[in-house]
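The values are calculated or read from the model by the stated rules, or taken from the named source; none is laboratory data. Here the structure is a predicted model, which means the values were calculated and not measured. Please note: Cβ atoms are built from the backbone with ideal geometry, for glycine as well, and neighbour counts cover all protein chains shown. Note: accessible area is taken over every heavy atom of the protein model, side chains too, but ligands, DNA and RNA are not part of it. Shrake-Rupley method; radii C 1.70, N 1.55, O 1.52, S 1.80 Å.
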Amino acid sequence: MIIRLLMLGLCVLLASCSGDKLAPLTASAEILAFGDSLTYGKGATEGGDYPAVLAELTGLKVINAGVSGETTSQGLIRLSDLLDRETPELIILLEGGNDFLRNHDIAKTKTNLAQMIELAQAKSIPLVLIAVPKKSIFLSSAGLYSELAETYGVMLIEEALTDLLKSPSMKSDSIHLNNSGYRALAEAIYQRLGDAGAV
């Protein structure tokens, strides 16, 4: 606990811990896109999922590790197993929507996501967190994502997905994007990676 507090104190002092900057990815880098159906690409035609579009934009290998219907409890186990076998240079984490839809305990969801971030950081793998909207009449990103980003010093893409899910022309159904939506999400991620110096 003391070590974590010291690390957080250092992150306040060092801009590099703010999540705004990333190390440049190598030409042979693999990006692990990890998440649920929004990563898998439900609602898109073949090659229309965001990891495929991001691979096209970056010229890098982007592994689509999306599983439809997955909760953060399931994702935590799967990510741990995956990182025992894979060594990506960057992880993009987009998960939590199924927890919200199934009314799972928010504190548990936050803990699961925190442990996923810790898994990446234990292996010195930078992680980009994508905020998911909470279940409500008026869509807005769940606050736990900004809290996690601040606590762990990871890059947060906060409003891109929420804004796209507010636009009927970008959706294939009430909770999934279509090809245009996934492309727009990939472009938003690519823009942020570029701004951060990763690509």
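Residue-wise HN-Hα couplings along the range 89-96, as the Karplus relation 6.51 cos²θ - 1.76 cosθ + 1.60 with θ = phi - 60° gives them from phi, are 8, 8, 10, 10, 10, 9, 8, x Hz; Gly and Pro carry x.
Here the dipole of the range 97-199 is about 260 debye; that uses its Cα centre as origin and unit charges on the Cβ of Lys and Arg (positive) and Asp and Glu (negative).
The phi torsions of the range 53-61, fed into the Karplus equation with coefficients 6.51, -1.76 and 1.60 and a -60° offset, translate into couplings of 5, 5, 4, 5, 6, 8, x, 10, 7 Hz, rounded to whole numbers, with Gly and Pro shown as x.
With all protein chains kept in place, the per residue accessible area of the chain amounts to 49 square angstrom at a probe of 1.4 angstrom. Candidate values [x] 15.8, 44; [y] 18.2, 58; [z] 15.8, 49 were compared with Rg and Dmax of the Cα atoms in Å computed on the shown model; the agreeing label is [z]. Taking a ≥ b ≥ c as the square roots of the eigenvalues of the alpha-carbon gyration tensor, the range 121-167 is classed prolate because a/c is 1.5 or more and a/b outweighs b/c. Beyond 29 Å in Cα-Cα separation lie the following of the pairs Lys123/Lys166; Lys110/Lys166; Lys21/Lys135; Lys61/Lys135; Lys21/Lys42; Lys61/Lys108: Lys123/Lys166; Lys21/Lys135; Lys61/Lys135; Lys21/Lys42; Lys61/Lys108. Given their separation in residues at 0.36 nm each and the Cα-Cα distance between them, Ser28 and Ser167 gain 46.5 nm when the chain is fully extended. Can you tally the net charge around Thr39? Count Lys and Arg as +1, Asp and Glu as -1, for every other residue whose Cβ sits under 11 Å from the Cβ of Thr39. Here the charged neighbours net out to -3. Expressed as a whole percent, the accessible surface of the range 73-115 that belongs to carbon and sulfur atoms is 50, based on a 1.4 Å probe. Electrostatic bookkeeping for Ala188 treats Lys and Arg as +1 and Asp and Glu as -1; over the other residues with beta carbon under 13 Å from its beta carbon, the sum is -3.
Stick to Cα atoms and the Kirkwood definition of Rh, then tell me Rg/Rh for the range 108-199. We get a ratio of 0.99 for the range 108-199.
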